[in-house]
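Please treat every number below as a calculation from the coordinates, not as lab data. Being a predicted model, the structure only gives us computed values, none of them experimental. Reconstructed Cβ throughout: ideal geometry from the backbone, glycine too, with neighbour counts over all protein chains shown.
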Amino acid sequence: MSDTRTALVTGANKGIGYEIAAGLGALGWNVGVGARERSRREEAVARLRETGVDAFAVPLDVTDDDSVAAAAQLVTERVGHLDALVNNAGITGGFPQQPSTVDPDTIRTVVETNVIGVVRVTNVMLPLLRRSSAPRIVNVSSSVGSLTRQSGPDSETTTGPVAVAYSTSKTFLNAVTLQYVRELAGTGILVNLACPGFVATDLNGFRGLRTPQQGAVTAIRLATLPDDGPTGGFFEDDGVIPW
């Protein structure tokens with residue numbers, strides 16, 4: 001097995017995912033760029049390679065079983081193991097998302113990507129992670145998934161807009177992540193949640209106040225934790241996010 005550490009980042013062709021891949025690559029990691037669209041995927045890999053990153057393309061649609069299985073086979077054949085899986089791919093489902101008027105299909109679609117997609121990818125990649133001496137799983141969540149921050153006493157102290165599909169999908173993801181933490185306890189696989197903050201990406205019409213590079217910092221830190229690092233945590237740059 002190569003001494004070079006390998007990561008797979010989903011939704012890595014742009015925005016936060018791209019910067020996570022770039023940051024890990026700058027640390028000397030071999031990085032799989034997981035993305036659905038071929039042209040954007042190949043463009044991202046080319047850009048990363050121009051900066052010296054050892055990047056490779058991984059065709060990956062997190063909502064498709066066959067695509068995820070093929071991605072695992074590609075990683076297996078290329079490197080044979082995985083040291084970090086960063087589940088970054090996600091969608092908002094569009095706005096507005098008032099609970100009294102939302103189309104239930106919107107919720108189903110968002111959960112399929114943001115939650116079930118994470119389960120699908122994680123389960124298929126686990127055998128590769130188990131071959132690592134220091135495996136890490138990072139699920140990119142959001143502070144809008146914090147029930148504490150969603151239950152502020154007024155609108156000024158409550159995080160994010162009313163978004164019954166997106167916000168609740170992140171709460172769901174947080175809960176699912178804790179189930180993995182419990183199952184994988186004692187295996188050496190550290191599993192954590194990263195909130196990038198309000199980052200300017202196409203996900204929010206570039207209204208965010210942080211750069212994608214800033215948004216990638218916490219995920220990169222969690223992907224490179226030492227063996228005595230935390231597991232089962234929900235983190236942002238400033239520290240722990242309340243559940």
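So the values come out like this:
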| read-out | value |
| --- | --- |
| Amide H within-cut-off set for residue 54, under 5 Å, with H built and near neighbours excluded | 31 |
| Stretchable slack from residue 108 to residue 155, in nm (0.36 nm times residue separation minus alpha-carbon distance) | 14.3 nm |
| Size of charge dipole - segment 6-240 - debye, nearest 20, with Cβ of Lys, Arg +1 and Asp, Glu -1, no other charges | 200 debye |
| Label point at residue 134 placed 7 Å out along Cα→Cβ; residues across segment 180-195 whose backbone nitrogen lies under 15 Å | 188-191 |
| Beta bridge orientation in segment 6-240: antiparallel %, DSSP, nearest 5 | 5 percent |
| Computed E for residue 147/residue 185 - FRET, C-beta separation, R0 22 angstrom, nearest 0.05 | 0.40 |
| Near-label residues of segment 116-157 by backbone N, under 20 Å of a point 7 Å along Cα→Cβ of residue 240 | 137-152 |
| Length gained when the stretch residue 162-residue 206 is fully extended (0.36 nm per residue, less Cα-Cα span) | 14.0 nm |
